[in-house]
Amino acid sequence: MIKPTTRNTIEIFEEISPDLALRIKGMIDGFSKAGTPTLTVLINSKGGCILSGLSIFEAIKGYKGNTVGRVVGVAESMAVIVLQACKERHCCKTGHILIHHMRPSFNALSNFKTDKEEEAYFAELERHNDIVLGILSERTKKPRSMISIQCDTDKPLSPKKAIRLNLIDLID
């Protein structure tokens with residue numbers, strides 16, 4: 001297990017992956033044993049693995065102490081979902097936020113042996129998309145239809161636009 005830093009900070013400065021999810025889970029367990037101090041999550045990530053991002057989201061959301069997410073560069077894709085787990089969500093003035101619909105990976109598309117495998121993969125992708133839209137809708141208090149339209153644009157949002165959409169709480 002990774003020991004908590006003295007600053008009570010988790011840094012997500014890489015692609016969201018199964019390895020990162022395990023490391024963050026270990027850190028959160030350590031913070032919990034240290035009396036649940038306020039936890040700062042620094043984010044500069046273009047996203048990554050859906051399941052790993054959801055795992056990190058659940059770990060942070062389940063943390064009993066206060067959590068402050070701070071975008072110090074970019075938060076894109078699953079990194080935005082991780083940010084939504086934090087009780088406070090900040091973004092630096094020069095940062096940006098990007099939400100979009102979940103997409104199939106190239107590796108997955110090239111590995112289907114049967115039509116049934118392909119159908120199952122796309123059904124699972126649609127289920128994950130529904131989960132992500134639910135998280136964004138619940139946290140922003142915006143209708144799923146509005147979030148879905150924003151996801152369709154697949155363009156970076158300035159901090160000012162992100163605050164209007166309730167994806168962040170503060171620009172700092």
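Restricting R103, R164, R89 to those that are modelled with pLDDT of 95 or more and closer than 24 Å to S52 by Cβ reduces the list to R89.
Scanning the stretch 148-161 for residues that are surrounded by 15 or more Cβ atoms within 10 Å (Cβ to Cβ) and under 18 Å from I50 (Cα atoms) yields S148, C151.
Within the stretch 78-90, residues that are within 13 Å of E58 (Cα to Cα) sit with their Cβ atoms under 8 Å from residues that are surrounded by 22 or more Cβ atoms within 10 Å (Cβ to Cβ) and of a type in the set (K, R), at 6+ positions apart or across chains, in these pairs: L83/R89.
For the condition among the aromatic types (F, W, Y), surrounded by fewer than 18 Cβ atoms within 10 Å (Cβ to Cβ), free of Cβ contacts under 8 Å to residues at least 60 places away in the same chain and over 24 Å from D152 (Cα atoms), F112 qualifies. Note on the stretch 90-172: enclosed helices (runs of 4 or more DSSP H) holding 1 or more residues that are under 18 Å from V71 (Cα atoms) are 115-140, 159-164.
The values are calculated or read from the model by the stated rules, or taken from the named source; none is laboratory data. Since we're looking at a predicted model, the values are computed, not measured. Counting neighbours? That spans all protein chains shown, and the Cβs are built from the backbone with ideal geometry, glycine included.
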